[in-house]
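The structure appears right after this line, and notes come after that.
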Amino acid sequence: MSASVESKKMRLLLLRMLCGAVVGAVVTGSFLAFFGKPLLDLKDPGALLAVITGLSYVLIGLMVWVGMAVPGVGVRMLNVEDAEELREETPKLKSGVVVLILTGLFLLSLAMAGTNFLSGALALGLAAGCLAGIVAAGWLGAKKYDEMTKRIGEQTASATLQAGMLMLGVWAMLAQLGYVAWVGPLAMVSAFALLQLLASFVVIAKRGMLMPR
């Protein structure tokens with residue numbers, strides 16, 4: 001019976017991951033198809049990485065926001081036991097939603113900077129505003145975190161730094177020896193944001209918190 005339950009949970013987890021990947025791919029593909037040429041330099045890998053990472057952050061933030069706004073959906077989508085637990089977690093989730101969405105908008109504003117849609121000066125203002133909002137939301141949200149949440153944040157930050165330093169070290173070595181070009185600033189900040197997102201999923205998964213309840 002236990003094996004059957006675990007198998008069912010694993011299938012549900014894989015289904016959620018597949019649905020998330022499909023939604024992300026459709027949204028990103030649609031964004032690039034309709035807005036790519038007028039808003040972005042599609043030949044710039046850094047801009048493409050920023051768009052992909054930025055949209056991922058925004059989509060995850062919006063999904064959590066919808067889950068909080070509609071408890072019936074949130075219970076199934078946010079992997080909580082029931083609506084009561086969702087209400088208890090909402091204060092912590094609110095700041096996380098703000099950070100996710102603002103991080104995504106920060107990357108998107110940098111990716112579209114200098115185009116007919118978004119001038120460099122306006123992009124600078126938007127990016128600076130997003131950074132200020134991220135810091136404020138993170139600082140205020142940290143006051144509501146319990147010990148487990150704080151520990152997850154610390155482990156995620158540590159894993160992101162270690163993976164990022166390894167990535168930059170290898171890239172710097174190859175660039176110094178003339179095998180590759182040095183990474184651009186937009187690609188670098190986007191890569192670190194993507195690494196942080198991936199690291200958070202790994203840390204949460206290692207704690208068994210991704211498995212449907």
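The values are calculated or read from the model by the stated rules, or taken from the named source; none is laboratory data. All figures in this text were calculated on a predicted structure; none of them were measured in a lab. Positions of Cβ are backbone-derived with ideal geometry, glycine not excepted, and every protein chain shown enters the neighbour counts.
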Has segment 169-177 got at least one residue that is touching a residue at least 24 places away in the same chain (Cβ under 8 Å), assigned to a helix (DSSP H, G or I) and crowded, with 16+ Cβ neighbours inside 10 Å? no
Residue check for residue 193: touching a residue at least 60 places away in the same chain (Cβ under 8 Å) and more than 20 Å from residue 91 (Cβ to Cβ): yes
For segment 12-47, name all the residues that are in contact with a helix residue (DSSP H, G or I) (Cβ under 8 Å, 6 or more places away or on another chain) and modelled with pLDDT of 75 or more. 23, 24, 27, 28, 31, 32, 44, 45, 46, 47
Can you name the residue in segment 66-83 that is within 18 Å of the chain's Cα centre (by Cα) and outside any helix (DSSP H, G or I) and is also modelled with the lowest pLDDT among such residues? 79
Could you tell me which of the residues 138, 153, 164 is within 16 Å of the chain's Cα centre (by Cα), farther than 26 Å from residue 21 by Cβ and surrounded by 12 or more Cβ atoms within 10 Å (Cβ to Cβ)? 138
Six or more apart or on different chains, Cβ under 7 Å: which pairs go from a residue in segment 142-154 that's modelled with pLDDT of 85 or more to one that's surrounded by 13 or more Cβ atoms within 10 Å (Cβ to Cβ)? Could you list them? 152/203; 152/204
One residue from 193, 199 being in contact with a Leu (Cβ under 7 Å, 6 or more places away or on another chain), surrounded by 13 or more Cβ atoms within 10 Å (Cβ to Cβ) and assigned to a helix (DSSP H, G or I): 193
Complete set of residues in segment 84-126 that are within 13 Å of residue 40 (Cα to Cα), among the aromatic types (Phe, Trp, Tyr) and not in a loop (DSSP other than H, G, I, E, B): none
